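Working notes, beginning with the structure itself.
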Amino acid sequence: MAKINILYGSTTGATEAAAQQLATLLGAEAKPIAAATADDFDADLVVLGSSTWGYGELQDDWVAGIALLDAVDLTGRKVAVFGTGDSVGFADTFVNAIGILADKAIERGATLVGQVPAVGYSAVESLAVRDGNFVGLALDDTNEADQTPDRIAAWAKTLQASL
Ligand SMILES: Cc1cc2nc3c(=O)[nH]c(=O)nc-3n(C[C@H](O)[C@H](O)[C@H](O)COP(=O)(O)O)c2cc1C
């Protein structure tokens, strides 16, 4: 069975809850990035999660998390990204953090999987949207919480198909 590790940063628990739902669906381990070590990147698929704070910035725990990413070689490694944001209150920086994580993973040599068409979302301005796709799973528990379970379930299938 493929080894999938989920590493997330979450301040008020929304991204943590999504990480745990994903972990259950994927038979994966979910761990806060604050508790992660380089060994946690040794998996068939590494899933990185962050909410977006400030004005389009990574969740706080990812400051140390980025330093950890900078110290590991992700060449040939499959990486997927996800996160929660607020597409109404922050319509021009919606889930920017997952765009930052995707760029960092690619810079470290990873192959990004799990892109999601940006249809059905209200926000159009985001660092996380490239050519009409989100770089990963975008969740909005502030305005579209009712869609979160289905979005997570569909994404879990996408990730399984990428293995
Ligand atoms: C001060 C503040 C700044 C925020 N900035 C953004 C932002 O720039 N973009 C965005 O999509 N969401 C933003 N949000 C919304 C959070 O990302 C959202 O509430 C998220 O679900 C929190 O997830 P967490 O509980 O996992 O940390 C902001 C929220 C607050 C309170």
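Would you be so kind as to identify all helices of the chain, as entire DSSP H runs, whose Cα atoms reach 15 Å or more along the helix's own axis and whose mean Kyte-Doolittle hydropathy is at least 0.0? Those that pass (Cα extent of 15 Å or more, hydropathy at least 0.0) are 14-26, 96-107. Per-residue extension of 0.36 nm, minus the Cα-Cα distance of Q160 and E125, leaves a gain of 9.7 nm for this segment.
Between region 42-110 and region 128-163, the alpha-carbon centres lie 14 Å apart.
The amide H of F82, built 1.01 Å from its N in the peptide plane, has L48, G49, S50, L137 as neighbours under 5 Å, considering only residues 5 or more places off or on other chains. Under 5 Å from the amide H of A128 lie the amide H atoms of G99, each residue being 5 or more positions distant or on a separate chain, with H modelled from the backbone and absent for Pro and chain starts.
So, counting K/R as plus one and D/E as minus one, what does the shell of residues with Cβ under 14 Å around E29 add up to?
Charge balance in the 14 Å sphere: -3.
How would region 43-136 be classified by its alpha-carbon gyration tensor: rounded, prolate or oblate, with rounded meaning a/c under 1.5 and the a/b versus b/c comparison settling the rest? Because a/c hits 1.5 or more and a/b fails to exceed b/c, region 43-136 counts as oblate. Computed FRET efficiency, Cβ-Cβ of A71 and A153, R0 30 Å: what is it to the nearest 0.05? In this case the efficiency is close to 0.35.
Ligands, DNA and RNA left out, the 1.4 Å accessible surface of the chain is 52% carbon and sulfur atoms.
For D103 and T142, what is the calculated FRET efficiency with R₀ set at 30 Å and r taken between the beta-carbons, to the nearest 0.05?
Details: r = 24 Å, r/R0 = 0.81.
The pair D103/T142 has a calculated efficiency of 0.75.
With a cut-off of 10 Å between beta carbons, the residues surrounding V79 carry a summed charge of +4, where Lys and Arg count +1 and Asp and Glu -1. Farthest towards the positive end of the charge dipole of the chain, among the residues A80, Y8, G120, is the Cα of A80, using unit charges on the Cβ of Lys, Arg, Asp and Glu.
Note on the chain: GNM, Cα springs under 10 Å; of L137, L101, L26, the largest mean-square fluctuation is that of L26.
Only Lys, Arg, Asp and Glu carry charge here, each on its Cβ (+1 for the first two, -1 for the last two); on that basis the chain has a dipole of about 480 debye about its Cα centre.
For an R0 of 35 angstrom, estimate the FRET efficiency from the Cβ-Cβ distance between A38 and A91 and round to the nearest 0.05. Don't jump to the answer; show the numbers that get you there.
Working: r = 37 Å, r/R0 = 1.05.
Efficiency, rounded to the nearest 0.05: 0.45.
Looking at region 37-100, the chymotrypsin sites (Phe, Trp or Tyr not before Pro) that sit in a DSSP loop and have at most 14 other Cβ atoms within 10 Å of their own Cβ are Y55.
The values are calculated or read from the model by the stated rules, or taken from the named source; none is laboratory data. Keep in mind the model is a prediction, meaning the values are calculated, not measured. All Cβ positions, glycine included, derive from the backbone under ideal geometry; neighbour counts span all protein chains shown. Ligands, DNA and RNA are excluded from the accessible area calculation, which covers all protein heavy atoms including side chains. Shrake-Rupley method; radii C 1.70, N 1.55, O 1.52, S 1.80 Å.
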